[in-house]
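Asker: Dropping a structure here in structure tokens format, bear with me for questions.
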Amino acid sequence: MRPFQYARPESLEQASQLTGNADTMALAGGTNLIDLMKLQVETPQELIDINRLTMGEIADTDDGGLRIGALATNTATAAHDRVRQDYEVLARAILAGATQQLRNKATTGGNLCQRTRCYYFTNIDQPCNKRDPGSGCGAIEGIARLHGVLGTSPHCIATYPGDMAVAMAALDATVEIAGTGDRARSVPVRDFHRLPGDTPEKDNVLEPGEIITGVILPAPVSGRQIYRKVRERSSYAFALVSVAAIVDMDEGRIARADLAFGGLAHKPWHDPRLSELLVGEEPSAAVFDRAADLLLEDAQGYGENDFKIPLARRALAATLADATGVEL
Amino acid sequence: MEQDKPARDCDLDGMKQGVLGKPLSRSEGLAKVTGTAPYAAEYHVDNCLEGVLVTAPFTRGTITGIDKDACLAMDGVVAVIDDSRMTARPAQGTADEAPVQQPQQVCYWGQPIALVVAETFEQARDAAKHLKITFEADELDEIPLDPQEAETENNQSTRQGDLAQAMNDASHSVDGRITTAGHASAAMEPHAAIAQWDGSTLTVHASLQMLNYNISELADSLDMEEENIRLVSRYVGGGFGSKLGISEETVAASIAAIALERPVRVVMSRQQVFQCIMRRSETTQRLRLATDDKGDLTGFGHQALVSNLPGEEFAEPVLQSSDFLYAGENRVLELDVARIHQMTAGSVRAPGEAVGMPALEVAMDMLAQESGVDPVELRLRNIPESHPVEGTPYSSRKLAECLKQGAEAFGWEAGPRKPRHTRDGEWWIGTGMASAARVHNISEAKARVTLKPDGTAMVETDMTDIGTGTYTILGQIAAEMLGLPREKVLVELGDTQFPRGSGSGGSWGASSVGSAVYVACTGLRKTLGERAGVSEDELRLKDGKLADGTSVTDLLNGGDLSEEGHYEPGDIDDDFVAAGYGAYFAQVRVNRFTGETRVERMTGAFGFGRVLNEKTARSQCQGGMVWSIGAALTEALHFDPRDGHLVNCDLAEYHVPVNRDVPDLEVIMVEERDPAASPIQAKGIGELGMCGGAAAIANAIFDASGARVMDFPMTPDRVLAAMPAS
């Protein structure tokens, strides 16, 4: 850990101004950032502790949705009555992540901003274009077990590691962002994280001085909500593949299929074509196969993670079978 | 005493106190769970400096320069130490001499090369990251990293008869290639040391398993006399082999404390513990088994390739129990070591059997399937009368009892396996079993036992308690022999000021030091008998009194009565094959879509001689079974194929089982006394719980899903790849 300045602003305005400086980072739960600072993967000169800001509220929105404050802990969100009733996929995704102790500290905004667990990113004696642009990617020809098969680039094959945001992508939630002055904006969760391209150092669309203030969940929709996380051990492991699904049926046909995937890409993966393909169809193994074909048509493995492609296919089929009541 | 013949009559059985074997809680348990038992790094030492190790960012080569000045200019930095006596590797267990030194010669990625010392830990950690080194690194394509392609040396070879012919002639046979991944000990407490130098004596608080060896390893490393060194290791937060020998932090802290004339603490980061302590070697094994038409083994072949750094004597002893477990007169047992430049390979809990037994027991399951013999029956049929090559008799052996009692408790359905017989929604459900075997090790040990005029007794030895219950059981042995309530016996361990114990490792601590305590108590009883005027046989001690009501303290004449017990294994080792045995039964669920496997229930039946404490022994069995689950399903070290560095070097990415992975574990301890094993008729139980258990799970995966996975750990991708199309 490098020596750093520490500030604890009392207002969002002040926090936003402070985080606009170069080499400045916001500190919320710290479950990821502090670890990375110890390893000198992150070396902020100034840490802006935003925990004093009142952004922990979870409240109904006027249109029947739910607003989750950026500082609401993962534990509080997963335990919230309305989240459990109306957004089950989100509660399940959060509870599938990390450990109870980590969820007690981790926040909504921090979870969205957590960084990849790529082994090469966290080892400063190895090359990594995300940590040290231009140094190369250690993973592409190295140990790529955790890595992406969709939307990768020759510069980076890291994955977004979280679960919460995968459910939020399926729910089509929106990230509320405050900037300096009154430059507030909203970004769909589906667009919040980026693909690596040739600037893998940027995980998401946040600009300097911008702070996540909350996440808006739209009014609940009908249908089964499922979060399936495939992993080696049954807790405290990142997803090999995960599927968040909201699926509704109408007279034996699929009426809604909002799907997002974790463990496959640099962002929670949402492909709008899947919904177009599935809606109106009678569920069957053949239909699920076509959906998987579409999802994975551009998938590329890197040796160690080749298994993710058939695993994603099977996880999708199992999830859709579960949601639609089809026996496979 | 030296043991040359079986201890048929053990005095422990005639004692009256009735405390031995009882399920007492650990005597230090409360201190540990309340945070008042200090671990190595937790001692408060005034004026203590903090040291952080710097590690090499390349695989093989030479450090040509270290720019100390820039580092020394940083806030709080006191010294940069690159003394050539610092160690480049940890010492192997029982090495008794310095490990490889001269850290300027780098042999593996992440090797410690220097120590940065500062006033605070944060300053030292930051400065260590900033230390500029120059080096000449060998080209990566010149460095052997792949065991399959590296040069190998033969480490062990046993041949008898003609295995190839036996395979040809067999009614049923199996020829399989099975691999196991490297493992880490992953102890909770990281390696740590605080060294203090008073001008003549070096005192080091460290986290170590074998002070009796560690003191000579440290003395040899520093070129000092043992008399001038005191090692203290009262509480150890898990060892599992990783703290058998001294490691880089202890030597570096010692050198720094002497050079700077101030106390120095060095604590390894989690990543450093993973990257520079000890790995269990990966293995590639070939199993060849041949039977006649009844299922009796006629041929037994077990060959293994393991790896280690050049110059290391240790080779994962994969074939250790294959040597004697099953019959088969035509035999090939061969162990080869590939020389590669990855971190040091050494002992991780149950070296050898931890990976050899799972492979053998998967092959036995394949043979059962092939021959149509029930897996339990196949094992029972092939328990040899005497050692299959040497003809040596076995000492007490409870393998058959464990197989039978375990099968009954588990509700084993005998008969050939028919995979995919039971389905519950997405999950296939199946059962599997395996034998357990682990060689019996025992070592020289000393312990002093003192009766005090206040009615208490004290046991002193430099033996360690690495979380296994040593404090408790040594107190129970002394209490039983001396007729005292357990709470009247104070046990002091982990300090080289006390007589040399055996150290904790190879499951030998309880039987070795337990025997030394027993010998000391026998001496005390002799003196007490003489003073009381009764023969030793008639000396019935209970609650501090003789049978006639005389208080033992009355026999002490107001002073201490002390005896040092010295146990030596003697020649009995040559006369018997001694080992612990057992059987595992597991039920698993395998997800037919994702290949995820979850263990639903598991039974282990074990025979390991006298049970000294029913509770701590059970905990050891359970701990071993948890490790079996990890070895079966999740634990694997991943090394970069290009530079050999360990990539998953923390507890988030090296997957030991979590609570949800571990169901209720049923443990059956089969009543046994083994007079050939030790004077107290006890064997070891620290490792037996994971000597084959992974195979019970692997075999259950096959029974559940039809996937015969040949590579451990059996992660979802591997299970899916092996799963037949439905």
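Asker: Test each condition in (1) away from chain A (no Cβ under 14 Å); (2) touching a residue at least 60 places away in the same chain (Cβ under 8 Å); (3) in a strand (DSSP E or B) for residue B:88 and report the one that comes out false.
Answerer: Condition (3) is where residue B:88 drops out.
Asker: Does the stretch B:244-261 include one or more residues that are under 26 Å from residue B:323 (Cα atoms) and in contact (Cβ under 8 Å) with a residue 40 or more places away in the chain?
Answerer: Scanning the stretch B:244-261, I find at least one residue that is under 26 Å from residue B:323 (Cα atoms) and in contact (Cβ under 8 Å) with a residue 40 or more places away in the chain, so the answer is yes.
Asker: Moving on. So is residue A:18 more than 15 Å from residue A:111 (Cβ to Cβ) and not in a loop (DSSP other than H, G, I, E, B) or not?
Answerer: yes
Asker: Which one is farthest from residue B:266 (Cα to Cα) among residues in the stretch B:48-72 that are hydrophobic (A, V, I, L, M, F, W, C) and within 13 Å of another protein chain (Cβ to nearest Cβ)?
Answerer: Within the stretch B:48-72, the subset hydrophobic (A, V, I, L, M, F, W, C) is B:48-49, B:52-54, B:56, B:58, B:63, B:66, B:70-72.
Next, only the ones that are within 13 Å of another protein chain (Cβ to nearest Cβ) stay: B:52, B:54, B:56, B:58.
Numbers: B:52: 6, B:54: 11, B:56: 17, B:58: 23 Å.
Result: B:58.
Asker: I would also like to ask the following. Which of the following residues is in contact with a Ser or Thr (Cβ under 9 Å, 6 or more places away or on another chain), in contact (Cβ under 8 Å) with a residue 40 or more places away in the chain and aliphatic (A, V, I, L, M): B:368, B:363, B:350? Before you say what the answer is, go through the steps one by one.
Answerer: On the way: B:368 fails: in contact with a Ser or Thr (Cβ under 9 Å, 6 or more places away or on another chain); B:363 fails: in contact with a Ser or Thr (Cβ under 9 Å, 6 or more places away or on another chain).
Result of the check over B:368, B:363, B:350: B:350.
Asker: Could you check, for the stretch A:241-262, whether at least one of its residues is within 21 Å of residue B:654 (Cβ to Cβ) and part of a loop (DSSP other than H, G, I, E, B)?
Answerer: No; the residues of the stretch A:241-262 include none that is within 21 Å of residue B:654 (Cβ to Cβ) and part of a loop (DSSP other than H, G, I, E, B).
Asker: Determine which member of the set B:45, B:19, B:78, B:52 is assigned by TED's automatic domain parsing to the domain that holds residue B:473 and either part of a loop (DSSP other than H, G, I, E, B) or crowded, with 16+ Cβ neighbours inside 10 Å (or both).
Answerer: Every option except B:19 fails the conditions.
Asker: In the stretch A:300-328, what residues are surrounded by fewer than 20 Cβ atoms within 10 Å (Cβ to Cβ) and either within 24 Å of residue A:146 (Cα to Cα) or touching a Gly at 6+ places or on another chain (Cβ under 7 Å) (or both)? Lay out the reasoning, then the answer.
Answerer: First, pick out the residues of the stretch A:300-328 that are surrounded by fewer than 20 Cβ atoms within 10 Å (Cβ to Cβ): A:300-301, A:303-304, A:306, A:309-310, A:321-322, A:325-328.
The answer is A:300, A:301, A:303, A:304, A:306, A:309, A:310.
Asker: To continue, here is another question. Test residue B:492 against the stated conditions and say whether it is surrounded by fewer than 18 Cβ atoms within 10 Å (Cβ to Cβ), in the same structural domain as residue B:17 (by TED's automatic domain parsing), free of Cβ contacts under 8 Å to residues at least 12 places away in the same chain and acidic (Asp, Glu).
Answerer: On the way: surrounded by fewer than 18 Cβ atoms within 10 Å (Cβ to Cβ): yes; in the same structural domain as residue B:17 (by TED's automatic domain parsing): yes; free of Cβ contacts under 8 Å to residues at least 12 places away in the same chain: no; acidic (Asp, Glu): yes.
In short, no.
Asker: Now for a separate question. Which one of these does residue B:587 not meet: (1) modelled with pLDDT of 95 or more; (2) more than 14 Å from every other protein chain (Cβ to nearest Cβ); (3) part of a helix (DSSP H, G or I)?
Answerer: (3)
Asker: Next question, about the same structure. Being part of a strand (DSSP E or B) and over 26 Å from residue B:144 (Cβ atoms) is the filter; apply it to the stretch B:635-669 and report the residue that is farthest from the other protein chains (Cβ to nearest Cβ).
Answerer: So the residue we want is B:669.
Asker: Within the stretch B:237-264, work out how many residues are surrounded by fewer than 24 Cβ atoms within 10 Å (Cβ to Cβ) and in a loop (DSSP other than H, G, I, E, B).
Answerer: Residues that pass the stated criteria total 5.
Asker: Are there any pairs, at least 6 apart or on different chains, whose C-beta atoms fall under 6 Å, with the first in the stretch A:252-263 and over 17 Å from residue A:189 (Cα atoms) and the second β-branched (Val, Ile, Thr) and surrounded by 18 or more Cβ atoms within 10 Å (Cβ to Cβ), and if so, which?
Answerer: A:257/A:247
Asker: Quick check on this structure: which one of B:631, B:677, B:704 is surrounded by 24 or more Cβ atoms within 10 Å (Cβ to Cβ) and not in a helix (DSSP H, G or I)?
Answerer: Every option except B:677 fails the conditions.
Asker: Look through the stretch B:590-605, keep the residues that are within 27 Å of residue B:437 (Cβ to Cβ), of a type outside the set (A, V, I, L, M) and buried (at least 24 other Cβ atoms within 10 Å of the Cβ), and return whichever of them is nearest to the other protein chains (Cβ to nearest Cβ).
Answerer: B:597
Asker: May I pose another question? Report yes if residue B:626 is within 14 Å of another protein chain (Cβ to nearest Cβ), surrounded by fewer than 23 Cβ atoms within 10 Å (Cβ to Cβ) and more than 22 Å from residue B:678 (Cβ to Cβ), otherwise no.
Answerer: Considered against the rule, which asks whether it is within 14 Å of another protein chain (Cβ to nearest Cβ), surrounded by fewer than 23 Cβ atoms within 10 Å (Cβ to Cβ) and more than 22 Å from residue B:678 (Cβ to Cβ), residue B:626 comes out as yes.
Asker: Out of all the residues in the stretch A:180-208, which are surrounded by fewer than 20 Cβ atoms within 10 Å (Cβ to Cβ) and touching a Ser or Thr at 6+ places or on another chain (Cβ under 6 Å)?
Answerer: The answer is A:180, A:186, A:188, A:197.
Asker: Considering only the stretch B:287-297, I want to know if a residue exists there that is hydrophobic (A, V, I, L, M, F, W, C) and part of a loop (DSSP other than H, G, I, E, B).
Answerer: no
Asker: Here is a further query. For the stretch B:83-101, give me each residue that is closer than 14 Å to residue B:310 by Cβ and either among the acidic types (Asp, Glu) or touching a Lys or Arg at 6+ places or on another chain (Cβ under 9 Å) (or both).
Answerer: B:99, B:100
Asker: Tally time: how many residues in the stretch A:111-134 are touching a Cys at 6+ places or on another chain (Cβ under 7 Å) and surrounded by fewer than 23 Cβ atoms within 10 Å (Cβ to Cβ)?
Answerer: So the count comes out to 1.
Asker: Got a sec? Which strands (runs of 3 or more DSSP E) wholly within the stretch B:376-466 have at least 2 residues that are within 20 Å of residue B:683 (Cα to Cα)?
Answerer: B:427-439, B:445-451
Asker: What about residue B:617, is it among the small types (Gly, Ala, Ser) and surrounded by fewer than 24 Cβ atoms within 10 Å (Cβ to Cβ)? Show your work before the answer.
Answerer: Numbers: among the small types (Gly, Ala, Ser): yes; surrounded by fewer than 24 Cβ atoms within 10 Å (Cβ to Cβ): no.
Criteria not met by residue B:617.
Asker: Still on this model: Mind listing whichever residues of the stretch B:22-42 are in a loop (DSSP other than H, G, I, E, B), more than 27 Å from residue B:198 (Cβ to Cβ) and of a type outside the set (Asp, Glu)?
Answerer: Scanning the stretch B:22-42 gives B:22, B:23, B:24, B:25, B:26, B:27, B:34, B:35.
Asker: Out of A:42, A:46, A:88, A:13, report the one residue that is of a type in the set (Asp, Glu) and under 19 Å from the mean Cα position of the chain (by Cα).
Answerer: Details: A:42 fails: under 19 Å from the mean Cα position of the chain (by Cα); A:46 fails: under 19 Å from the mean Cα position of the chain (by Cα); A:13 fails: under 19 Å from the mean Cα position of the chain (by Cα).
Of A:42, A:46, A:88, A:13, the one residue that is of a type in the set (Asp, Glu) and under 19 Å from the mean Cα position of the chain (by Cα) is A:88.
Asker: Sticking with this one: What's the number of the condition residue B:448 fails, among (1) over 17 Å from residue B:611 (Cα atoms); (2) buried (at least 24 other Cβ atoms within 10 Å of the Cβ)?
Answerer: Among (1) over 17 Å from residue B:611 (Cα atoms); (2) buried (at least 24 other Cβ atoms within 10 Å of the Cβ), residue B:448 violates only (2).
Asker: Among the residues of the stretch B:556-569, are any within 14 Å of chain A (Cβ to nearest Cβ) and either out of contact with any strand residue (DSSP E or B) (no Cβ under 7 Å at 6 or more places or on another chain) or at negative phi (or both)?
Answerer: The first filter runs over the stretch B:556-569 and keeps only residues within 14 Å of chain A (Cβ to nearest Cβ), leaving none.
Checked against the condition, which is being within 14 Å of chain A (Cβ to nearest Cβ) and either out of contact with any strand residue (DSSP E or B) (no Cβ under 7 Å at 6 or more places or on another chain) or at negative phi (or both), the stretch B:556-569 yields no hits at all.
Asker: Counting only residues that are of a type in the set (S, T, N, Q), over 14 Å from the mean Cα position of the chain (by Cα) and within 14 Å of chain B (Cβ to nearest Cβ), how many does the stretch A:206-264 have?
Answerer: Of the residues in the stretch A:206-264, the ones of a type in the set (S, T, N, Q) are A:213, A:222, A:225, A:234-235, A:242.
Going one step further and asking which of them are over 14 Å from the mean Cα position of the chain (by Cα), we end up with A:213, A:222, A:225, A:234-235.
Those still in the list that are within 14 Å of chain B (Cβ to nearest Cβ) too: A:234-235.
Count: 2.
Asker: Scan the stretch B:107-122 residue by residue and report those that are surrounded by fewer than 22 Cβ atoms within 10 Å (Cβ to Cβ) and either assigned to a loop (DSSP other than H, G, I, E, B) or touching a strand residue (DSSP E or B) at 6+ places or on another chain (Cβ under 8 Å) (or both).
Answerer: Once the filter is applied, which keeps residues that are surrounded by fewer than 22 Cβ atoms within 10 Å (Cβ to Cβ) and either assigned to a loop (DSSP other than H, G, I, E, B) or touching a strand residue (DSSP E or B) at 6+ places or on another chain (Cβ under 8 Å) (or both), the stretch B:107-122 yields B:119, B:120, B:121.
The values are calculated or read from the model by the stated rules, or taken from the named source; none is laboratory data. Quick caveat, the model's predicted, so the values are computed rather than measured. FYI the Cβ positions are ideal-geometry reconstructions off the backbone, even for glycines, and counts take in every protein chain you see.
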